[in-house]
Amino acid sequence: MSITPKTSQHLGAKQARKPRRMRKATKKARRSAANADAKIPTRGGTKQDILIEMLSRAKGATIEEMAAKTGWQSHSLRGAISGTLKKKLGLAVTSAVVEPRGRVYRITGER
């Protein structure tokens with residue numbers, strides 16, 4: 001049995017002719033580009049909403065305080081801060097060491 005190269009029959013005529021970088025963007029990519037400047041709404045009462053509320057306070061929140069409130073482990077909280085809050089929602093989250101409390105995280109502004 002021989003392996004045949006993929007031809008226009010296998011890939012579809014349009015995709016076979018154009019290199020990947022020249023193909024049209026997917027609906028999801030166009031939608032995310034259009035909504036990049038729009039604020040992403042969150043549902044009320046979720047753990048993510050609790051995190052945003054805690055980090056928006058003037059005194060901020062430590063990992064231990066967030067873990068007690070949400071029930072998440074510390075590595076999950078750090079991942080939520082860097083992945084969801086910073087990258088997906090575009091929030092500016094900063095951290096600083098405050099002597100009696102330890103490392104304190106705060107939302108300083110949006111995008």
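The values are calculated or read from the model by the stated rules, or taken from the named source; none is laboratory data. Everything numeric here is computed off the predicted structure, so don't read it as measured data. Neighbour counts are summed over all protein chains in view; Cβ atoms, including those assigned to glycine, are modelled from backbone coordinates with ideal geometry.
Output yes when any residue across segment 43-52 is more than 13 Å from the chain's Cα centre (by Cα), among the hydroxyl-bearing types (Ser, Thr, Tyr) and at pLDDT below 95, and no when none is. So far as segment 43-52 goes, yes, one or more of its residues are more than 13 Å from the chain's Cα centre (by Cα), among the hydroxyl-bearing types (Ser, Thr, Tyr) and at pLDDT below 95.
Looking only at residues that are assigned to a strand (DSSP E or B) and small (Gly, Ala, Ser) in segment 80-109, which one is farthest from the chain's Cα centre (by Cα)?
To start, the set of residues in segment 80-109 that are assigned to a strand (DSSP E or B) comprises 91-98, 102-109.
Then keep just the ones that are small (Gly, Ala, Ser); that gives 92, 95-96, 102, 109.
Values: 92: 12, 95: 18, 96: 22, 102: 25, 109: 16 Å.
For segment 80-109, the residue satisfying everything is 102.
Restricting attention to segment 77-101, the residues that are farther than 17 Å from residue 50 by Cα, surrounded by fewer than 12 Cβ atoms within 10 Å (Cβ to Cβ) and either touching a helix residue (DSSP H, G or I) at 6+ places or on another chain (Cβ under 7 Å) or not acidic (Asp, Glu) (or both) total 4.
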